[in-house]
Structures are given as C-alpha cells and as structure tokens.
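Visitor: Below are the structure tokens for one structure; questions will follow.
The values are calculated or read from the model by the stated rules, or taken from the named source; none is laboratory data. Predicted model only: the values in this text are computed from it and were never measured. Cβ placement follows ideal geometry from the backbone for every residue including glycine, while neighbour counts extend to all protein chains displayed.
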Amino acid sequence: MTTIVGISAYYHDSAAALVRDGKLIAAAQEERFTRKRHDARFPHGALDYVLKDSGTSLDSVDLIVFYDKPLVKFERLLETYLAYAPRGIRSFLAAMPIWLKEKLFLKKLLADELRRHSNGGRLPKLLFNEHHQSHAASAFFPSPYESAAVLCMDGVGEWATTSVWIGSGNTLTPQWQIDFPHSLGLLYSAFTYYTGFKVNSGEYKVMGLAPYGEPKYVDLIMRELIDVKPDGTFRMNMRYFNFATGLTMTNNAFHELFGATPRRPESKLTQFHMDLAASIQKVTEEIVLRLGRTVYRETGQRNLCMAGGVALNCVANGRLLREGPFDSIWVQPAAGDAGGAVGAALSAWYQYLQKPRKPNGKLDDMQGAYLGPAFANEEVQRRLDALGAKYQVLTDEELFPRVARLLAEENVVGWFQGRMEFGPRALGARSILGDARSRTMQSVMNLKIKYRESFRPFAPSVLAERVADYFEHNRESPYMLMVALVREELRVPMTPEQQRLFGIEKLNVVRSTLPSITHVDYSARIQTVHAETNPRYYRLLKEFEKLTGTPVLVNTSFNVRGEPIVCTPEDAYRCFMRTEMDYLVIENCLLAKSEQPVRERDESWKQEFELD
C-alpha cells in the first residue's frame, strides 16, 4: 500500500491531498480550518485532516510532493528584474528578503513544518513537481478519459502561463507553453485590479459584472494591450502593465489609455466599469476559443481537460463546450492552486512511480469533489448542545419533505450534509439554498444573507436528468463550471422600456420563470446533481420537484462575504446566527432561527473577515 500526500502552499490557496494506491482519499484547503480566506500558509489544518481521515500517520506516508519548484520560480524573478532594470527596484527590494529568508530554502522550511506532524518519527521522501505539471495532472489523471488534450491557463507558475499537454494512460506529454510575462490570467487580473476588486479573489466578480456592460473596449484591448494570433497564442504589451516590476497590476499608461485611475474598492460601480468587465470577458472568451481550436487541430484529441485559475471562468468554458470542436470537456473542480496538491500527488503515483491507470470512461475520480470533513449525527448533536442551540432531530422520511416545504415557502435554508467540498464552489454539502422561482430571492440572499454586492448572480442546482428541460445544455456539469442559457420558452420577454435600461438598472427585471438564478443575459452557472455522488442533496431536489414540479434550487456557498465556506457545525451555526437565514439543517438536525436563544445584536463580526 502506497500513500502519497500532495501539498500546495506559500502563494495562495494552500491545500493538502492524500492519495492511497492511486485513489484520492481526502483533500481540503487550509482556509476552511484557519477561517482566513485564501490562506497561503503551510496547510497544517488540512494536513492534519487528510492524515486523520485516512487513518494515517505522517511516518507511514511514502512520499510528500510539493506542487511547484521554487528555485525555478526564483530564476524567473531574477531574470525578470534584470530584464527590466532599473525599473522594479521597489518590487525587488520587497520580494528578496522573503526569498532569501524562506523560499530559497523551501526544502528545509517544509521539513521543519512537517516535523510538527511527525511525533519525532522519520519524514517521508520529499519531491517537487512543476507548477503546470501539477495543474495538468490534476486535470487529466482524475478525468474519465483514457486520452485527452490538456489545457492549463493561470497567472504564472515557474515560467509557464499557458501550457498544452497530451494525456494518455498514465503519461502526460508537454506540447508547448506561453511564458511569463505574457499571461491571460494576469491580463484578467489587471482588469480585476483596475475595476476595484481584489486580485486572485475578485476575478469571478468581473465575470459576474460583465453582462451588465457593453464590450466597448474589445478593439482597444486587442490593439494596444495584447496581440492575439489566429491560433490563440498571444503577447502582451508590457508598456501598460506593472506586475513584472512593480507592486500594482497596471500603470499610468494603462490609466491614460482608458481615461481614468483605478476604481477605489467599495466605491460606486459605474457603466464604465461594467463595460470594462464586458470587454475583458469577451477578449478572454475569444482567446480561449482560439486556443481550444488550435489544441484540437494539433493534438487530434476529441476530449479536453482543463485546469489553472483561468479554467474557473465558467462563461468561457461554456462557450468552448458549445462552440468549440471537442466532444467533451472536463474541468478540475479545484482548478486553482489548491488543486495543485491533488495534481502533485497523482503525478507522483502515475509518473514517478509509473503505476497503471484505468479510467472509468464515464465517472471521474473526484467523487463529486466531496473530499473534506464530515460529521456524524451524534457528533453534530453534541456540538450543538455545547453551543446552546435549539434543534429537532428528524428521520430522513421527515426531514426531506419538511425542508422542501420550507424552501417552497421562500425560506432561506443553510444546508450542511456529508463531506465538505474541495474547491471554490459549494455543491450541496455546505450550501445556502432558496427557491429559484422566487422573484425576491436573489436580492434577499445578496443583501441579507451574504452581505455582498447586489449585482452578483446565483447559480442553480438541477437534477442531472432534468437539466435540458430548463437550460440549453444537455450534459453533466457537476462542479458548477459551465454557464449555459435558460431555455428560450422559459424566458420572459423584455418590454421596450426595459430594453432601454443600462447597467445595474437591469438587475430587478424578471428574466425567466426561474428569476433568482437567471442572470441579466439569460445565462446561469449550472450544477447538475447526481444520486451517485450526493444522494442526500439529490433526494432534497426530488422532494422539491414532487412538491412544486420544479427540480431547481438556488445554491450559493455557506458563508458571508470575505469568509471561507463553513467547515464545522460551529462555523455553520455562527454564520446562521449572524445572518437572516430562516432555517439551518445539519445532517438530521433542523434549527429554526425563531427558536434560537435570543442574543444581543452584534455587528462587530463584520470586521472579522477581510472583504474579498
């Protein structure tokens, strides 16, 4: 029996994953344990969890694999600073002390951190994988395909920002790559920064804001900022960017090009910012489509696997699936750096140890991404009692019809079941649920539950076998990584007056018979729910369908703005009590807000989490 642990750390979204004889046993991000969003520190909490969950001690682990090669990354930093000298001296002086103190000696640092888990025993052999190889391995090896093309796109690893691979059996063969500073991920992040959102966190907000705008600046971006070839390869005009040498993403030349300084975070969003979002989103989609067609033509592969932060752009993914040449596309659910921990471990199993691979052909090996901690009913009750919470314990036969009825009555329900999700999406294990048919649910959830920007859309969960009845999409989308349009017959036509609305004015126009999950462009980020991977959430949707005729619910992550998704029953209860959620379900325990002990209203917690 061979046990391998993958580690991602020190840049953003640190995580740990454990693989035993090629099977992914457990994986989790560190942020879920420390309650610090995008926590980049060594993943002590996540490592403790994956070892405990698998019944393993560190001294019985065979290999530990780190997800990138810091010395190669250091080489890239030095070459970049030399190439741009004397510009970049401030950034150089800021970065070097950290590298000279810690990152250059990462092997020793990792060993020191790992000793905290070893109880004085031996440390396993430590390997280092390349960053994009970890991404590619996380995309291909858990996929259902025997062979596939693999496309990885992110900000930057060591040097690569975009890479293409061919996966076959237990091998990954690199084809070509685009190197730093030319990066689609960093281009998108530059606009994230310029529109006032946080880099490496707010990119999905830009994607959500885009449908409110008009893509007025596409030609300007393609003419001045990035030279995109017909095959999708590109070069950026570094005259406009500061990320290679400075402490910001954009510079004065960029600001002069668009006629404004960067938006201050939390200040008013204007039509200008919406048009910028629409423009960079359209440019991104065009590049992804061109790259996809090139990869298909060059590799001859009919299946595509994707990973890297850009692969979380579900609008671009949806277009590539609909308009591109591939028969099917599989995207790693933890496509960002956290998923690198999974890729590092699987890369060691298949490539370093050269073990055979037998893909399923239909089901992937991510187990629905339900790879985190779970809590038995007895444990939940003990913890709720310690909190002084009031609850009912219901049988399954009582619970599912009751919760379906509460949802149909437009209550907002916190839903905590089974193993926590791995990756950025809540998939029915740590979710906040609502009725997709409600005209008010979108605004209620944004303003009273999530405490976040009003423009942000919500995603639907739909029974897998009914997805084509509601959306122009007839395939699985279990990880909420594909956007599709609501079926035309379900859309509500806009009046001439409504068609004249601009920007955020569009927000309150009812767009379909499922208004709470229909974005202003009639799109939705779909999660198909499957009995094989989440039988309890599937059963709830079946009960809701039985009651209402509609097997669709609003599904958003169980957290407030700036907070990581909840991990434990204590996290869930705390979030429940701080918000205007109506009910909370933790396993078979049902809690009503109206029955909880009266507590003095305390808003100080809103300073606890740094806004994302």
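Visitor: I'm checking my understanding of the structure. Among residues of the stretch 428-440 that are farther than 11 Å from Asn555 by Cα and not polar (S, T, N, Q), which one is surrounded by the most Cβ atoms within 10 Å (Cβ to Cβ)?
Guide: Arg437
Visitor: Next up: Of the residues Asp612, Asp521, only one is touching a residue at least 12 places away in the same chain (Cβ under 8 Å), among the acidic types (Asp, Glu), touching a Ser or Thr at 6+ places or on another chain (Cβ under 6 Å) and closer than 23 Å to Gly208 by Cα; which?
Guide: Asp612
Visitor: Identify the residue in the stretch 584-612 that is at pLDDT 90 or above and part of a helix (DSSP H, G or I) and, among all such residues, is surrounded by the most Cβ atoms within 10 Å (Cβ to Cβ).
Guide: This residue is Lys593.
Visitor: So, in the stretch 486-500, of the ones that are β-branched (Val, Ile, Thr) and under 11 Å from Thr518 (Cα atoms), which residue ends up surrounded by the fewest Cβ atoms within 10 Å (Cβ to Cβ)?
Guide: Checking each candidate, the answer is Val492.
Visitor: Mind listing whichever residues of the stretch 447-472 are farther than 18 Å from Met207 by Cα and in contact with a Leu (Cβ under 8 Å, 6 or more places away or on another chain)? Lay out the reasoning, then the answer.
Guide: Just the residues of the stretch 447-472 that are farther than 18 Å from Met207 by Cα, to begin with: 447-451, 461-472.
Within the stretch 447-472, Ser461, Val462, Leu463, Tyr470, Phe471, Glu472 qualify.
Visitor: Here's something else I'd like to know. Given the options Val156, Val164, name the one that is β-branched (Val, Ile, Thr) and farther than 20 Å from Leu289 by Cβ.
Guide: Val156
Visitor: I'm trying to understand the selection: among the residues of the stretch 11-57, which are at positive phi and either in contact with an Asp or Glu (Cβ under 6 Å, 6 or more places away or on another chain) or among the polar types (S, T, N, Q) (or both)?
Guide: If the condition is that a residue be at positive phi and either in contact with an Asp or Glu (Cβ under 6 Å, 6 or more places away or on another chain) or among the polar types (S, T, N, Q) (or both), then Asp13, His38 are the ones that fit.
Visitor: Still on this structure, please answer the following. Considering the stretch 437-455 alone, what residues qualify as being more than 15 Å from Thr518 (Cβ to Cβ) and of a type in the set (Phe, Trp, Tyr)?
Guide: Tyr451 - this is the single residue of the stretch 437-455 that is more than 15 Å from Thr518 (Cβ to Cβ) and of a type in the set (Phe, Trp, Tyr).
Visitor: Would you please name the residue that is surrounded by the fewest Cβ atoms within 10 Å (Cβ to Cβ), looking only at residues in the stretch 394-427 that are under 13 Å from Tyr370 (Cβ atoms) and among the aliphatic types (A, V, I, L, M)?
Guide: Out of the qualifying residues, it is Ala426.
Visitor: Take Glu146 and tell me if it is touching a helix residue (DSSP H, G or I) at 6+ places or on another chain (Cβ under 9 Å), of a type outside the set (A, V, I, L, M), farther than 21 Å from Phe243 by Cα and not assigned by TED's automatic domain parsing to the domain that holds Thr518.
Guide: Numbers: touching a helix residue (DSSP H, G or I) at 6+ places or on another chain (Cβ under 9 Å): no; of a type outside the set (A, V, I, L, M): yes; farther than 21 Å from Phe243 by Cα: yes; not assigned by TED's automatic domain parsing to the domain that holds Thr518: yes.
The answer is no for Glu146.
Visitor: If a residue counts only when it is closer than 27 Å to Tyr10 by Cβ, which helices (runs of 4 or more DSSP H) contained entirely in the stretch 282-390 have at least 3 such residues?
Guide: Output list reads 339-347.
Visitor: Taking the stated definitions as given, is Arg235 under 17 Å from Tyr188 (Cβ atoms) and basic (Lys, Arg)?
Guide: The answer is yes for Arg235.
Visitor: Just wondering, is there one or more residues in the stretch 260-270 that are closer than 19 Å to Trp165 by Cα, surrounded by 18 or more Cβ atoms within 10 Å (Cβ to Cβ) and in contact (Cβ under 8 Å) with a residue 24 or more places away in the chain?
Guide: No, every residue in the stretch 260-270 fails to be closer than 19 Å to Trp165 by Cα, surrounded by 18 or more Cβ atoms within 10 Å (Cβ to Cβ) and in contact (Cβ under 8 Å) with a residue 24 or more places away in the chain.
Visitor: Please find, among Asn555, Asn508, the residue that is at pLDDT 95 or above and either of a type in the set (S, T, N, Q) or touching a Gly at 6+ places or on another chain (Cβ under 8 Å) (or both). If you could, list the steps in order and put the result at the bottom.
Guide: Numbers: Asn508 fails: at pLDDT 95 or above.
Exactly one residue qualifies, and that residue is Asn555.
Visitor: Condition test on Thr548, is it buried (at least 20 other Cβ atoms within 10 Å of the Cβ) and not aliphatic (A, V, I, L, M)?
Guide: So Thr548 fails the test.
Visitor: How do the strands (runs of 3 or more DSSP E) wholly within the stretch 121-237 filter down when requiring 3 or more residues that are free of Cβ contacts under 8 Å to residues at least 24 places away in the same chain: which remain?
Guide: Numbers: elements: 125-128, 147-153, 160-168, 171-179, 226-228, 234-236.
Counting at least 3 such residues, we get 171-179.
Visitor: Sticking with this one: Out of curiosity, is Ser168 within 19 Å of Gly423 (Cα to Cα), in contact with an Asp or Glu (Cβ under 8 Å, 6 or more places away or on another chain) and surrounded by fewer than 21 Cβ atoms within 10 Å (Cβ to Cβ)?
Guide: No, not satisfied.
Visitor: Something else: Condition first: among the aliphatic types (A, V, I, L, M) and surrounded by fewer than 21 Cβ atoms within 10 Å (Cβ to Cβ). Now tell me which residues in the stretch 366-379 satisfy that.
Guide: Correct list: Ala374, Ala376.
Visitor: Check whether at least one residue in the stretch 529-536 is assigned to a loop (DSSP other than H, G, I, E, B), closer than 30 Å to Gln392 by Cα, among the hydrophobic types (A, V, I, L, M, F, W, C) and out of contact with any Cys (no Cβ under 7 Å at 6 or more places or on another chain), and report yes or no.
Guide: yes
Visitor: Can you find even one residue in the stretch 472-487 that is aliphatic (A, V, I, L, M), within 26 Å of the chain's Cα centre (by Cα) and part of a helix (DSSP H, G or I)?
Guide: No: zero hits.
Visitor: Further, regarding this structure: Starting from residues that are in a loop (DSSP other than H, G, I, E, B) and over 16 Å from Leu540 (Cα atoms), keep the ones in the stretch 410-425 and report whichever is farthest from the chain's Cα centre (by Cα).
Guide: Of everything passing the filter in the stretch 410-425, Arg419 is farthest from the chain's Cα centre (by Cα).
Visitor: Which members of the stretch 501-520 meet the condition of being surrounded by fewer than 17 Cβ atoms within 10 Å (Cβ to Cβ), part of a loop (DSSP other than H, G, I, E, B) and not hydrophobic (A, V, I, L, M, F, W, C)?
Guide: Asn508 - this is the single residue of the stretch 501-520 that is surrounded by fewer than 17 Cβ atoms within 10 Å (Cβ to Cβ), part of a loop (DSSP other than H, G, I, E, B) and not hydrophobic (A, V, I, L, M, F, W, C).
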